[in-house]
Amino acid sequence: MPKPSWKSRRREADDDDDDDSNGAGALADAQPDELIKPAGIENGPTPPFGTLCGLFEQFESITRNKHKKNEKKGEVLARFFERWRSEVGPDLYPVIRLMLPERDTRRRTYNLKEQKLAKALIAALDIPPNNSTALKLLNWKVPTAKDPGAGEFASVAMEVIKSRSLVIRRVSDTSIDSINEILDQLAHTKGAQPDEQGRIRSLQAEHARILKACVQKMTPSEMKWLIRIILRDLKIGMGEKTIFDRLHRDAARMFNTCSDIMRVCWTLYDPNYSPQNEDFTVVPGRVFRPMLCYRTQRNLHDVIKSMRVGRGGTNGPPAGEYGPQEFLIEEKLDGERIQMHKQGGTFLYSSRKNKDYTYLYGNNKDSGSLTPYIQDCLRDDIEDLVLDGEMLVWDPVLGKYMPFGNLKTFALAKTFGSSDPRPCFKVFDVLYVKGKNGEGQALIGKSLWQRKKLLSQLVRHKQGVIEIADCTKGSTTDDIRRTLERIMDERGEGLVIKHPLSLYQLGGREHSWIKIKPEYMDQMGERIDGLVVGGYWGQGHRSGFLASYLIGLRDEVSGKVVYKSFAKIGSGLNRSDYAWIIEQKRDKWIEFDRKRPETVPSWFKTVNEWPDVLIAPEDSFVIEIKASEIVGGVDYGAGMTLRFPRALKIREDKDAESAADLTTVQHYRSGPQKRSIGDDMSVKKKATRLSRSDKATAISTAVDQVESRSDLFQGITFFVFATKPVSLKDELQKQIVEHGGTYIQKIPNEGTDRIVIASEYKGITSRTGGKTVDVYHPDWVLDSIKQGRRIPPRKRYLVHATDATAELSDYANSDADIKEDDDEKANNDGYMATPPSPVQRRPFETAYRNFGEAALDSEDEPQTQSDDDADRVAQLHRVDSDDEGEKPAFPGGFESYFPRRGAMPAEVNAVNHDVSRLELESALSHAGTDDLGAAGVDDLKLESNALDDAQVGVGAGGSQTAHDPAFLFRPLVAYFDTREGAQTNGLTASSKPDRIQARADSELGKARTAFTSEHGIATSDLSDPKLTHIVVSKLIPERYVELVRRTSEPRYRRLVTTEWVHSCIEEEDLVDEDDFKP
């Protein structure tokens, strides 16, 4: 069969799409630097985009079937590059940037996330806003019976596009170059563009116009991959290292020095070219990938060993002022990693992920919130300089650094009073220096102690503006321990231990820099037994079930018990935990609509953190949580939350009454607790800790003090594997010990009296000795105890029998055991004739066998980020079987196990019961709103798309006025929720301290000034009929609900935070308010 040609198909002469290419020249605009394309590397026509999509599909298939013998992705990719070079040309930049969309820094942000894309696609496909298909796109994370792609937006969008697409080709004419042009159009799209009739188009309308042209000429599968590129997440399970290694042997190394795909592709277009050393060093103005810290070993002695590598022992030579055994100890800072480049009088600031923040901090001495204030802190004779450090927020009133989340808010300011929080650049390394009359020198090849010494000579410390990171000397584990205890008492981030001779490895994560953070260590930080009060639908590889949970704290308000939102937990649970939750709580979850207060239970209190579903306290469960610390949380009803929370286990022994309450957690937070850190970096406990070898044979605490009842299992060693339900395992272990047996946490060695217990054979074979052992069902233990004898190895009790056991006469004679009770025999014989089927016992378990192994992965276990989400969720909806008449996995329908009744808008429920999509859509197009439920429709119209059909700037009264792009906020009318404004309008006064209210007023005042300077109208009258926006501070959340209620007639106004104003100015356009809801 001949290979398909990569040559681009000729476009038809009457192709109307050419008229829509208003992004012509956009690619050139996205390359605003001195880089010039080398002569002689021009490409011919690029292949169809469908060819690249086929490659992505192949990668996805290899990832999904990783247990099979598939070709390695790297080999497939190498052949693709080789063919590209031979048939297209030497320049691989057009295709590499599509393979690594998250690294393509030369293309502006699209300002398109899932919700915005959903709205743009609804408009592009001409779908009525209240149609069930439109709601399917908007509620893409919510699983439904007919939606196998729920949880992955691109897959959901592909299904919607497929039902409307007129493209019947397997591969469309759209080339890879055309895709890059389309993406450049999206990146350079601005709102308020006039259409053919001179009418002003919104940003969403511009996006819809571009996407509509794509849908008309591209296949649904190609649209799926285009959407993933727009979202900058391909989900193909292949990282940049694999791609760069196949591009050129030095590509990954060069990318670390410049973070620029174009530069890498154009410099290394020849696979045989060997670049010079100067191509792999730091250059001012060229953003590099910083050196990262190695995650801590679990023993302080191992850290010490790493610090003494290459030191020559106690008699070795010193490293500057550091002795042969000494190393550096720095505090781990709670900020954002920033590199600062100075070239003459021009400055550049970039983050670890190559996001340019120069617009915030200033590119010269007259602009930004930092550059003007550090001019006197840098030596006058320095021309060029590159510094590495952490950007923090300094509060001069409190005399300390503020939490990281406040950084952008205060970085937007240009001037600061004596008491105003401000950005502070904490420098810990210098990587390049050039004097005004000297030559530039990169310092990454110099030892750390030399760079530190030079740094102190180049930068003058200025508190709260630019500071040199403090570091101390250490030589023993005691030095580390003492410093760590002090940092923990001060609620610090942790420590970084550095080797004084370490070189700066661009993009590296080396043992010469080791970070020690509380959340990495057993028993350190806070531990809380938290009650789950809500859940969040998962997405991606966690689609189709509740993957994260909201913790609530019990409190009393006006004599009534309420639960206040406290923290969101999304990591730490394993597959069996999720299976237990789904099985035990499947019919307990409560749907609600946050915009309809009557659907929200009175016991639940929150500010801005809303889960997708709730669960009543009496029906819920408790999770033991570990976190590094308790911090403020303005979005939570408790007013605080957890930093780096992680679930340890489900506490089945606890209920709502025994879970942590608000008063207890406030006490935890009220002051530091002195901890003693051991060499193994866990808190020293009074009880002796078990070693790893001890744990293998030790009886768990649940069965430590059991009463001996018999010697039935004397001399037998058990291994209890997975049981259904999970809680049965603890009960079995307890009864085994009560009747004289012992158990260990692995399959006992061959030659001992051993018995392995499991509800099913799956998973046993992967364990040592698992292929040569009999596996008994848990009922064997229970029935043996009941009968007072060890039942022979009957077939009915064996989940798996070895060949030797299967030949025994006892194995074949399954009816040899006659029960004393005939009725019990009649009831049980049919059930026990063969090992009980999970479907017979619990319908969920069969589906979980197919679904849970891939979809219920926790962060504890290896994951592949691009597992096929649609296939996995489809497996959850059915049980594949070759046997006729096998019971369905979900009797009564999938929806009965994930009920969504009543509280959601009727249109969403229509999606859940959409038996025939086309028939329902047809009915919706002719039916009145009464058929759908008037309340639900009214609420839906008050969603974010309620104002999308109107001209921007339309108020609740008066004439409609179009948005003028030359005047950013004209004619928007905004109310700023200051303390004075609240008093004037009779709103509830805030209970926050005066200091917090003053800070909020300052923040609102700056936003108001910025708003009016761009021709917006600020009003102090909340009842102004032309009011369009309500601007609030995150620091004062108490009035949010009251503000919405007061301004709900005749239509809802937009409620946004102050960041919306600054972001509009930053983007020079009105950005989507949905992204700035408080």
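Taking segment 332-366 on its own, how many of its residues are modelled with pLDDT of 90 or more and charged (D, E, K, R)? Number satisfying all stated conditions: 6.
Rundown of residues vs (1) touching a strand residue (DSSP E or B) at 6+ places or on another chain (Cβ under 6 Å); (2) at pLDDT below 90, yes/no style:
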residue: G544; (1), (2): no, yes
residue: K560; (1), (2): no, no
residue: D577; (1), (2): yes, yes
residue: K595; (1), (2): no, yes
residue: W603; (1), (2): yes, no
residue: W610; (1), (2): no, no
residue: A616; (1), (2): no, no
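No other residue among I236, I229 is assigned to a helix (DSSP H, G or I), out of contact with any strand residue (DSSP E or B) (no Cβ under 6 Å at 6 or more places or on another chain) and not polar (S, T, N, Q) apart from I229. Checking each residue in segment 562-615 for being among the acidic types (D, E) and in a helix (DSSP H, G or I) picks out D577, E583, E598. Would you confirm whether any residue within segment 555-563 is small (G, A, S) and either surrounded by 21 or more Cβ atoms within 10 Å (Cβ to Cβ) or under 26 Å from the mean Cα position of the chain (by Cα) (or both)? Scanning segment 555-563, I find no residue that is small (G, A, S) and either surrounded by 21 or more Cβ atoms within 10 Å (Cβ to Cβ) or under 26 Å from the mean Cα position of the chain (by Cα) (or both), so the answer is no. Of all residues in segment 564-589, which are of a type in the set (F, W, Y) and touching a Gly at 6+ places or on another chain (Cβ under 9 Å)? F566, Y578, W589, listed by residue number. Going by what's in this entry, would S369 be described as among the small types (G, A, S), surrounded by 14 or more Cβ atoms within 10 Å (Cβ to Cβ), in the same structural domain as G435 (by TED's automatic domain parsing) and at pLDDT 90 or above? Criteria met by S369. When G572, G552 are screened for being at pLDDT 95 or above, under 22 Å from T641 (Cβ atoms) and among the small types (G, A, S), only G552 passes. Just one residue in the set R289, R246 is within 16 Å of W84 (Cβ to Cβ), under 33 Å from the mean Cα position of the chain (by Cα) and among the charged types (D, E, K, R); that residue is R246.
Of S1033, S1063, S1013, all but one fail to be buried (at least 17 other Cβ atoms within 10 Å of the Cβ), without any contact (Cβ under 8 Å) to a residue 24 or more places away in the chain and in the same structural domain as T988 (by TED's automatic domain parsing); the exception is S1063.
Applying the selection to segment 325-346, what residues are among the polar types (S, T, N, Q) and over 28 Å from I497 (Cβ atoms)? So that I can check it myself, show each step before the final result.
Taking segment 325-346 and keeping what is among the polar types (S, T, N, Q), we get 325, 339, 343, 346.
Those that are among the polar types (S, T, N, Q) and over 28 Å from I497 (Cβ atoms): Q343, T346.
Filter segment 475-513 for residues that are among the aliphatic types (A, V, I, L, M) and more than 19 Å from Q450 (Cα to Cα); which is modelled with the lowest pLDDT?
Checked segment 475-513; the qualifying residue modelled with the lowest pLDDT is M488.
Of all residues in segment 380-400, those being surrounded by 15 or more Cβ atoms within 10 Å (Cβ to Cβ) and farther than 29 Å from V433 by Cα number 2.
The values are calculated or read from the model by the stated rules, or taken from the named source; none is laboratory data. Everything quoted here is computed from the prediction, not taken from an experiment. All Cβ positions, glycine included, derive from the backbone under ideal geometry; neighbour counts span all protein chains shown.
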